[in-house]
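Computed from the coordinates by the stated procedures, all read-outs in this text should not be read as laboratory data. Just so it is clear, the model here is predicted, and its values are computed rather than measured. Methodologically, a virtual Cβ is constructed for each residue, glycine included, from the backbone with ideal geometry; neighbour enumeration extends over all protein chains shown.
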Amino acid sequence: SALASNAQSNIDSLLQVRAKADHDSLRLKVDLEIGSSLVGSDFTSSKFYFNRSLNLAEKLSTDFPQFEPDVLHQMGLAYRQVRKKDSAIMILNKAMAIQKAKNLKEQLAITQFDLGYTYQGMSQFEMAILHYDSVITRNLGDETAVYLARSYNYSGLCSYYLRNLEQASTRILEAIRFRKETGDTARIHYPYMVYGLLLKEQKKYEEGKD
């Protein structure tokens, strides 16, 4: 099809860039981009490019400590996309272990959020909450806000699924307050939607409608 032909053309262009690259960091990025683009259509080939980028990342780890866990993170998401969620969890945990060891806190927050979201997709809501709340606690301790609003929101949503309504309300109201305080209101409808569901569950229908 035209779509497949276009995708192959993009890959060919990237491979030409890789062939002319004068540093392994650029070769790594090309392999990572190709691997990511092939996940849905050819997972076997996708794994080849991911593994090649991972080999380069390991080689560059002294000068670029962030590359190896970043490649592992992307690989974890790829496995999640093809519904190999146990493998995704294993790979994301490996990425997190490196991020913790190398004190890559911003990367760690994003990877751990994605790990929580993977558990949420498997309906393992307690495990999801554990990871979302870990992201929240670390952010508050470091006075940072990496994926903080999302973690508040999804922690609250998972508590709602478990019908822990008090805990859910606490997290959702924190999400709303944080977004208001930071002026990040573009996505404030997410926690408001969850809060409406919570109020409905508590039979507070008028408040829920508001």
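Given the DSSP H assignment, sum -39500 (n - 2.57) over each helix run of at least 4 residues in the chain and divide by its residue total; what's the result at 222 nm in deg cm²/dmol, nearest 500? For the chain, the value works out to -26500 deg cm²/dmol.
Take each peptide in 103-116, 6-19, count the other Cβ atoms within 10 Å of every residue, and average; sorted highest first, the result is 103-116, 6-19. When the charge dipole of region 9-80 is built from unit charges on Cβ atoms (+1 for Lys and Arg, -1 for Asp and Glu) and taken about the Cα centre, the candidate among Q66, L32, F43 whose Cα reaches farthest toward its positive end is F43. With 26 Å as the limit on Cα-Cα distance, the pairs of K20/K59; K20/K105; K47/K85; K84/K200 that go past it are K20/K105; K84/K200.
Distance from the Cα centroid of region 7-49 to that of region 72-86 is 17 Å (rounded to whole angstrom). This model, with +1 at the C-beta of Lys and Arg and -1 at the C-beta of Asp and Glu, gives region 1-67 a dipole about its Cα centre of some 60 debye. Since only L162, N139, M96 are under comparison, the one whose Cα sits farthest along the positive direction of the charge dipole of the chain, derived from C-beta charges on Lys, Arg, Asp and Glu, is L162. Each of L198, S123, I172 was scored by the projection of its Cα onto the charge dipole of region 67-210, and the greatest displacement toward the positive side belongs to S123; charges sit on the C-beta of Lys, Arg, Asp and Glu.
Taking the Cα centre as origin and putting +1 on Lys and Arg beta-carbons and -1 on Asp and Glu beta-carbons, what dipole magnitude results for the chain, to the nearest 20 debye?
That gives the chain a dipole magnitude of about 360 debye.
Counting 0.36 nm for each residue step from Y192 to L162 and taking away their Cα separation leaves a gain of 9.0 nm. Here the 3J(HN,Hα) profile of region 97-110, calculated from phi with Karplus coefficients 6.51, -1.76 and 1.60 at θ = phi - 60°, is 4, 5, 4, 5, 4, 9, 6, 8, 5, 5, 4, 4, 4, 5 Hz, Gly and Pro shown as x.
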